[in-house]
Amino acid sequence: MEVTSAAGARLGVIQMGSQTAGRHSVQWDASQSLGMQPLGFRVLASQGDTAVAATPLTGGVVRSVSQSSDGLMLTLADGRTVNNNAVVALQ
């Protein structure tokens, strides 16, 4: 997995090795990337020599919920606002 800046520059790589299908957690120390927000993630996965689709997910703490013409909106602790439809899992 690559960690990228908003401009797409690679800031770091996390080698995850062989994984089973499904969701997997990973942590990365972003202290060296302060001021480069927002960070992005690019997941590169393969099965042998064949690339396979992977969907990176990010987490957040919900601070408030509101209703808009776009539906139910969640305001996260980091200031991002996301549509409730973008939620894939709850922890």
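The values are calculated or read from the model by the stated rules, or taken from the named source; none is laboratory data. Every value quoted in this text rests on a predicted model; they were computed, and no experiment measured them. Here Cβ is always computed from backbone atoms with ideal geometry, including for glycine, and neighbour counts include all displayed protein chains.
Overview of values
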read-out	value
Of all residues in region 16-35 being under 16 Å from the mean Cα position of the chain (by Cα) and polar (S, T, N, Q), the one that is nearest to Ala45 (Cα to Cα)	Ser25
Residue within region 11-25 that is of a type in the set (Gly, Ala, Ser), in contact (Cβ under 8 Å) with a residue 24 or more places away in the chain and surrounded by 10 or more Cβ atoms within 10 Å (Cβ to Cβ) present	no
Subset of region 52-71 (residues that are surrounded by 10 or more Cβ atoms within 10 Å (Cβ to Cβ) and of a type in the set (A, V, I, L, M))	Val52, Ala54, Leu57, Val62, Val65
Candidate set from region 21-53 (those that are in a loop (DSSP other than H, G, I, E, B) and of a type in the set (S, T, N, Q)); member that is nearest to Val82 (Cα to Cα)	Gln37
Selection from region 54-74 of residues that are part of a loop (DSSP other than H, G, I, E, B) and over 15 Å from the mean Cα position of the chain (by Cα)	Ser69, Asp70
Single residue of region 1-12 satisfying the filter (more than 14 Å from the chain's Cα centre (by Cα) and of a type outside the set (Gly, Ala, Ser)) that is farthest from Ala51 (Cα to Cα)	Leu11
Region 42-62 residues that are modelled with pLDDT of 85 or more, paired with ones that are not β-branched (Val, Ile, Thr) and not in a strand (DSSP E or B) (beta carbon under 6 Å, 6 or more apart)	Val43/Met1; Val43/Ala54; Val43/Pro56; Ala45/Ala54; Val61/Ala77
Whichever residue in region 75-91 is of a type in the set (A, V, I, L, M, F, W, C) and in a loop (DSSP other than H, G, I, E, B) and, among such residues, is surrounded by the most Cβ atoms within 10 Å (Cβ to Cβ)	Val87
